[in-house]
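Engineer: Encoded as structure tokens, here's the structure I'll be asking about.
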């Protein structure tokens, strides 16, 4: 015999509906408040870039206190110096460039929420938050969303923030994010400074194991270049599988098209580069056809046929360069390029083409 819920107060069934209405009303009231400061966009429309505090700011001195003393000394030091702005870190120019793009987008589309949203994602304790906020305000950065996890890994929150890209100095957290299917990279500070554009965001990508999967790179490593060239020719019309940063290039392309729609292609504040060790004639067609099959494009495609990437990147001067192999990262750093390592694919088992010896199992 079924029971109806007549013993539940009549208005109880409507509680959820009332709460939803209250939330909507509260949100509408908040959104209607007038301010000159740009509001962060709704996450479902935004291109969300999560940066750690150590990538946004130079916290080498503070990190040393934490490692050599203890957490309490670290927190006390941050509180004692909270009115002293932290120096810019590796991701700082990239974040500034994102803000430049947002300003241009707001000029063309005043009501659009298809913008970059920068989230500070850090395992710092909340007591450190005041210094981070003061530093952000000192540099007039638009960073309104914070996630401070008090010593716990922030990776579990990335999907909740609908993150399109995560940048950190902690390679283990980056690896964890990639395993969760989130585009991520470990940031490295350049050895010398290149003058970067203050009017255009410039992003350079490696191809295999960054935009594309490592399927072709596996063939190179295991069977050599001749077999690789034969394979790429045979499968020229079969798109490569996507790599960990394909989604971020897609997000950049979505914003670029907003400028193209306003006849701003030649004056677009986003420019993308493919910088690959592939040879153009021998293995380049598959790469370009793969991008075409995805409905994506890059502004410049540079096929280096194994030549060093550093000198070319020095001319491009990107705000960030993504590569899966550390020797390319190091070469870029030495010539003043801000580089980010994507720890993905078979390349992690090799260094300069040689297999890294694995420690025997115990």
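The values are calculated or read from the model by the stated rules, or taken from the named source; none is laboratory data. The shown structure was predicted, so the numbers you read here are calculated from the model rather than taken from an experiment. Please note: Cβ atoms are built from the backbone with ideal geometry, for glycine as well, and neighbour counts cover all protein chains shown.
Engineer: When you go through 284, 347 one by one, which is the residue that is outside the structural domain of residue 97 (by TED's automatic domain parsing), surrounded by fewer than 22 Cβ atoms within 10 Å (Cβ to Cβ), in contact with a strand residue (DSSP E or B) (Cβ under 9 Å, 6 or more places away or on another chain) and modelled with pLDDT under 95?
Structural biologist: Result: 284 is the single residue among 284, 347 that is outside the structural domain of residue 97 (by TED's automatic domain parsing), surrounded by fewer than 22 Cβ atoms within 10 Å (Cβ to Cβ), in contact with a strand residue (DSSP E or B) (Cβ under 9 Å, 6 or more places away or on another chain) and modelled with pLDDT under 95.
Engineer: Further, regarding this structure: State all residues of the stretch 297-314 that are in contact (Cβ under 8 Å) with a residue 60 or more places away in the chain and either surrounded by fewer than 20 Cβ atoms within 10 Å (Cβ to Cβ) or not assigned by TED's automatic domain parsing to the domain that holds residue 340 (or both); if no residue qualifies, say none.
Structural biologist: 314
Engineer: Report whether or not residue 148 is free of Cβ contacts under 8 Å to residues at least 40 places away in the same chain, surrounded by 15 or more Cβ atoms within 10 Å (Cβ to Cβ) and touching a strand residue (DSSP E or B) at 6+ places or on another chain (Cβ under 8 Å).
Structural biologist: It is true that residue 148 is free of Cβ contacts under 8 Å to residues at least 40 places away in the same chain, surrounded by 15 or more Cβ atoms within 10 Å (Cβ to Cβ) and touching a strand residue (DSSP E or B) at 6+ places or on another chain (Cβ under 8 Å).
Engineer: Shifting gears a bit: What's the number of the condition residue 238 fails, among (1) in a loop (DSSP other than H, G, I, E, B); (2) in contact with a strand residue (DSSP E or B) (Cβ under 9 Å, 6 or more places away or on another chain); (3) over 24 Å from residue 268 (Cβ atoms); (4) not assigned by TED's automatic domain parsing to the domain that holds residue 96?
Structural biologist: (2)
Engineer: Scanning for something over 24 Å from residue 248 (Cβ atoms) and surrounded by fewer than 17 Cβ atoms within 10 Å (Cβ to Cβ), does the stretch 112-119 turn up at least one residue?
Structural biologist: No: the stretch 112-119 contains no residue that is over 24 Å from residue 248 (Cβ atoms) and surrounded by fewer than 17 Cβ atoms within 10 Å (Cβ to Cβ).
Engineer: Please determine whether any residue of the stretch 210-227 is under 20 Å from residue 319 (Cα atoms) and in contact with a helix residue (DSSP H, G or I) (Cβ under 9 Å, 6 or more places away or on another chain).
Structural biologist: Within the stretch 210-227, one or more residues are under 20 Å from residue 319 (Cα atoms) and in contact with a helix residue (DSSP H, G or I) (Cβ under 9 Å, 6 or more places away or on another chain).
Engineer: Right, here's the next one. Quick one: is residue 259 crowded, with 20+ Cβ neighbours inside 10 Å and out of contact with any helix residue (DSSP H, G or I) (no Cβ under 6 Å at 6 or more places or on another chain)?
Structural biologist: So residue 259 passes the test.
Engineer: Which numbered condition in (1) on the phi > 0 side of the Ramachandran plot; (2) touching a residue at least 12 places away in the same chain (Cβ under 8 Å) is the only one that residue 294 fails?
Structural biologist: (1)
Engineer: Here is a follow-up. So, of the residues in the stretch 58-75 that are within 15 Å of residue 135 (Cβ to Cβ) and surrounded by 16 or more Cβ atoms within 10 Å (Cβ to Cβ), which turns out to be modelled with the lowest pLDDT?
Structural biologist: Taking the candidates together, the pick is 62.
Engineer: Turning to a different aspect of this structure: When the stretch 93-139 is examined, which residues are found to be in a loop (DSSP other than H, G, I, E, B), more than 21 Å from residue 169 (Cβ to Cβ) and touching a helix residue (DSSP H, G or I) at 6+ places or on another chain (Cβ under 9 Å)?
Structural biologist: 109, 112, 114, 115
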